[in-house]
Amino acid sequence: MPAVSKGDGMRGLAVFISDIRNCKSKEAEIKRINKELANIRSKFKGDKALDGYSKKKYVCKLLFIFLLGHDIDFGHMEAVNLLSSNKYTEKQIGYLFISVLVNSNSDLIRLINNAIKNDLSSRNPTFMNLALHCIANVGSREMAEAFAADVPRILVAGDTMDSVKQSAALCLLRLNRTSPDLVPMGEWTARVVHLLNDQHLGVVTAATSLITTLAQKNPDDFKTSVSLAVARLSRIVTSASTDLQDYTYYFVAAPWLSVKLLRLLQCYPPPEDAAIRGRLTECLETILNKAQEPPKSKKVQHSNAKNAVLFEAISLIIHHDSEPTLLVRACNQLGQFLQHRETNLRYLALESMCTLASSEFSHEAVKTHIDTVINALKTERDVSVRQRAVDLLYAMCDRSNAKQIVAEMLSYLETADYSIREEIVLKVAILAEKYAVDYTWYVDTILNLIRIAGDYVSEEVWYRVIQIVINRDDVQGYAAKTVFEALQAPACHENLVKVGGYILGEFGNLIAGDPRSSPLVQFNLLHSKFHLCSVPTRALLLSAYIKFINLFPEVKGTIQEVLRSDSQLRNADVELQQRAVEYLRLSCIASTDILATVLEEMPPFPERESSILAKLKRKKGPGTVPDIEENRKERNANVNGGTNHTTTTPNAKTSPASFVGDLLAPAPPPTNRPRPVSSSSFLQTPLTPLPSQACAIPLAASAGTFYQVAAAASPDLLGLGSPSPLSSTPPALPPTAASLLIDVFSENSPGAAAAAAAAAAPIAVPAAPVADDNFSSITPESLHVADSILADVQEPTDKFVCKNNGVLYENQLLQIGLKCEYRQSLGRMYVFFGNKTSTQFLSFATSVVCQEPLASQLNVHPKPVDPTVDGGAQLQQIINIECVSDFVEAAVLNIQFRYGGILQNIAVKLPITLNKFFQPTEMISQDFFQRWKQLSAPQQEVQNIFKAKHSMDTEVTKAKIIGFGVALLDGVDPNPSNFVGAGVIHTKTTQVGCLLRLEPNTQAQMYRLTLRTSRDTVSQRLCDLLSDQF
Amino acid sequence: MIKAILIFNNHGKPRLSKFYEHYSEDTEQQIIRETFHLVSKRDENVCNFLEGGILIGGSDNKLIYRHYATLYFVFCVDSSESELGILDLIQVFVETLDKCFENVCELDLIFHVDKVHNILGEMVMGGMVLETNMNEIITQVDSQNKMEKSEAGIAGAPARAVSAVKNMNLPEMPKNINIGDISIKVPNMPSFK
């Protein structure tokens, strides 16, 4: 007999569902649903009490509507009511509705919790199960709070039914997952472990899941589970398939439980106890042996169940990584699966082998399957499987097979699915770099990569190839030749143009001796791509051109012609236009010495983690990229790492923070590395004199340092994870300086102009926004003269009206703190300038500006300060203040300094306000009212009614009034909630008596502030100042 | 842990969705659509595992699915579950449904959403496997049905309505489709809306 009779459905529900299914359009469906929702709503709201059957019917309809993707915003209350029904059917449908529709932060949780509590204590196992299911499915914090104590008790109680125990175990697991803090370990933990011995395999399965999760968090508390799990596993594995009756699934004994137990054991290292360890090894061997037995059934379920256990056993073997024989057996087993006709098994075998490849015992064994894996890459129909094959090839790669694997991956890339191309590109790039024996192979590989899958080559990949070429002078000539040849292709990817532009700009001279790649040919080749490229690439090419002018004076005229053309000088893109203008100007007026200095070859990059590896890690999530380095130290002789440091000049590691100092200090020895000036092996004709002349120009003293700075300041090239310290510099300046530049140069003699260029160039580097081409020393920003920066005046914060100390201003570089004292009409302000960077501020100067009429009302005298502020240091400045007469405006403090060569301008209003010159006056009620009456002329009183901006706390208000400077007079106002104050403003010329009254209205959240003084301007000013404080 | 269990038909119409992690209703519907899109474009006879869609957690999660006649059964699981084990679980689920409904078909899932949820609830709880023994599951479901019967007095008439609905729009006789050793009779229905 079927367990669910088909006849007991609900007629109304059936009709509704078939209505929906007969709807011809989405609109008709929505219309029908809305009609039904209206109907149910009216039924729920109606006066007539619904019977349980109707409620159930309507709730079922709502569930169906919800499944179709429509929001249900009512019915929750009815569902909660169903929970307290005594009828199973109604209760059950109520719980169903709640676990499907109620999310964890619903307001109803408290009501639901009540019903659950009743059911949990009902001792009716069916009801208890419903309640436990509900807790596990909703799993909210409130539920955890309510039941974290009950559930463990039910779980370990002796008289709990098995089915309830099962539910309780998983319920506890869920609560532990969602709110671990609310489920403390207790005396129940030890008893939970013993559930592994339970008669009922369902209970054991649930308990194993629970223990596995708990053991991951508190391995020590559950150590005893290891021996129990091994014992249990052993009994299952060795049992005849009929012993476990119902838990035998297609002739496999309790496959689920076996899998769970093997998972649990993966939380721990191999057992120390030799007996347990032996028993476990025996189990694993038995499982491996069974894999070789002929199947007991041809059904796929049989092999699935059997292999589920087998794969889990292999995972455990790999996890323990201690028994070489088992590891090799596991590897052989997986090798068999690699060619199995079941796709699922091939997939899983590839996946497991990935982890196996990182074990030193089995790495070699895994490598023997390389041909099968490569074959899988070529022939598998399923992209999921091919992806696993790529992963495995990546994991098994080492120096011995790198060339083969990289070649295979490259050829696969041509036909690979779009979804996985980028990942393959990253993997190829990493392997090519890591296992490069000679760098010509590396350069070839990356250029191939760009050719085959240019669109998927991310910035990091081509940044990296440039880093490596720059850092290794043995490959530079080859790289130049290769990119030159690659660029010959009629259509080449933009990424190739970028690499080509960069490399030829730096090393074009190395191949210029060959007439087939003479400077002009190189330039024409690059320029033929120019118009097909995007703006950033064009910008990079322009920088390459100016580098050409330095490398090859003979093409200067041609390049200047190009720069001078309208399409450059008047380009709509401001970046391109600016570069064209500046480069053209630079090429016209700078001497060859200066050009050679400014456009010197890039220095080596400091070694960091490969940016591509970082990207792959980020893409795949931490931990999922098998770190070949970590696991197989013996193989990681990174060609790149070791040799580079020898070519790196000592000052290559100059940190960006200290470069200003370097610039000013006597220059270190120039980094004039020996350059392969001669035509390398592949050029037959003798070198033309010009390039060598260009190279022979001695470096100006500061050039070496400058380039180090440029290198260090390019965050993009140097590993992506670490933001450069300079990223905290002010945002890149708007490129407005084009005209300025021309002025600078035209006003000076060539020599001076060049000097200016040389001095200005380094300044700009930190602000250069386009890191991809910072190999050109001059970026548009470089020629900014700092005067063009006009910082906005920072508004003073109101916070200083009622207090005298605090932080006045702060940005990434500078913090300004204040401390003030006032006595009568005099004041003294201590200003603290804190340098937040590690770099010295230079040319530090401050000035205070008081514009009319303030200048005659307030005297402000700042004392002089040191012109430098060391990194991390604080500088104190004293400002003396005298109030001549009452005033409204604020004095402005201007601060100027050079940071990183850029002139910084900051202006802040000084919080010197009229109330600072208050002297509090104590007086009694009678005096107060007498004076109050005296100041009754209309212009003497200023009143303001305003809304409270902060909470209306009496103590805070009192503190503010006292901070404002007046005396707070208690017991003066008949209404105790009002505040009354009195004081005298002292100025050099006069004194102004002042009374104030503040009436809060907490209901309306309003204040009324009244001020009476003998001067109308003072009343107004004080009222304005104080009104903003509440 | 099982993150979600989805059943939808060949046209992407959801027939059951059960999420064990909280998502907004909108996201749930999007996940169903995304999952359908991922699964339905795959050929028959490729492997039953693939990386999850972006919405449900990308490559940290796997989709393990089976296609039975008109229905896809998809389990979205994290790395702590055995792939083949979940595949078995889907089989147990379908076999159980088949026993409970006597040759289960898509219509049974539509008209008995509550029952299907109940059966699933006996197998999976809060994203963890509760019971894998089919007899145990059926015993539980049976005892619930008995309770239901004893409580219900009014359940006679709708039976006719249901059978009427089931028999309409049926141009052909149902055909048998073999899945393992059970055969689910699946009516060749016109496309569902």
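Brief remarks follow.
- Annotation: amide H-H contacts under 5 Å for B:GLU51 (H modelled 1.01 Å from N, sequence separation of 5 or more, or interchain): B:LEU63.
- Residue-by-residue Karplus 3J(HN,Hα) for the stretch A:570-586, coefficients 6.51, -1.76, 1.60, Hz, glycine and proline x: 10, 4, 5, 7, 5, 5, 5, 4, 5, 4, 4, 4, 5, 5, 4, 5, 4
- On full extension, the segment bounded by A:ASP866 and A:ASP417 gains 155.2 nm, given 0.36 nm per residue less the C-alpha separation.
- Label point distance in nm, A:PHE832-A:ASN81, each placed 7 Å from Cα along Cα→Cβ: 6.7
- Across A:LYS48/B:LYS18; A:LYS863/A:LYS958; A:LYS56/B:LYS146; A:LYS56/B:LYS99; A:LYS35/B:LYS13; A:LYS117/B:LYS13, pairs whose alpha-carbon gap is larger than 28 Å: A:LYS48/B:LYS18; A:LYS863/A:LYS958; A:LYS117/B:LYS13
- Annotation: the residues B:LYS149, A:LYS56, B:LYS99, sorted from fewest to most other C-beta atoms within 10 Å of their own C-beta, follow the order B:LYS149, B:LYS99, A:LYS56.
- Residue-span extension gain [A:CYS23 to A:VAL807] - 0.36 nm each, minus C-alpha spacing: 275.5 nm
- In nm, spacing of pseudo-spin labels at A:VAL574 and A:ASP474 (7 Å Cα→C-beta vector): 4.8
- Within a straight-line Cα-Cα reach of under 18 Å, B:LYS41 can be paired with the following aspartates and glutamates, leaving aside sequence neighbours fewer than 8 residues apart in one chain: A:GLU380, A:ASP382, A:ASP417, B:GLU51.
- Fewest-first ordering of B:LEU120, A:LEU261, A:LEU595 by other beta carbons within 10 Å of each residue's beta carbon gives B:LEU120, A:LEU595, A:LEU261.
- As a calculated quantity, the FRET efficiency between A:GLN815 and A:ASP593 at R0 = 41 Å, using C-beta atoms, amounts to about 0.45.
- Sites A:LEU111 and A:ALA491, calculated FRET efficiency, Cβ-Cβ separation with R0 51 Å, nearest 0.05: 0.15
- Three-way shape call for the stretch A:870-951 based on the alpha-carbon gyration tensor, with the a/c threshold at 1.5: prolate
- Karplus-derived 3J(HN,Hα), 6.51/-1.76/1.60, for each residue of the stretch A:900-915, Hz, glycine and proline x: x, x, 9, 6, 10, 10, 10, 10, 10, 6, 7, x, 9, 10, 4, 5
- The string of couplings for the stretch A:68-74 from the Karplus curve (6.51, -1.76, 1.60, θ = phi - 60°) is 6, x, 9, 6, 10, 10, 8 Hz, one whole number per residue in order, with x for Gly and Pro.
- At R0 = 60 Å, FRET efficiency that the Cβ-Cβ distance of A:SER856 and A:SER567 yields, to 0.05: 0.55
- Potential extension, A:VAL956-A:HIS531 segment - 0.36 nm per residue separation minus Cα distance: 146.3 nm
- Residues in the stretch A:163-195 that a label on A:ASP273 would reach, taking backbone N under 15 Å of a point 7 Å out along Cα→Cβ: A:193-194
- Which of A:ILE902, A:ILE317 has the fewest Cβ neighbours within 10 Å, and the rest in rising order: A:ILE902, A:ILE317
- 14 Å Cα-Cα reach of A:LYS217 towards aspartates and glutamates, excluding residues that sit fewer than 8 places from it in its own chain: A:ASP181
- Label point at A:HIS340 placed 7 Å out along Cα→Cβ; residues across the stretch A:276-310 whose backbone nitrogen lies under 16 Å: A:287-310
- Shape category assigned to the stretch B:48-133 from the gyration tensor of Cα positions, a/c cut at 1.5: prolate
- Separation of the A:LYS367 and A:THR286 label points, Cα + 7 Å toward Cβ, nm: 3.7
Readers should treat all values here as calculations from the given coordinates under stated rules, not as data from a laboratory. Note that the structure is predicted; figures quoted are calculated from it, not measured. Neighbour counts run over all protein chains shown; Cβ positions are idealised from the backbone, glycine included.
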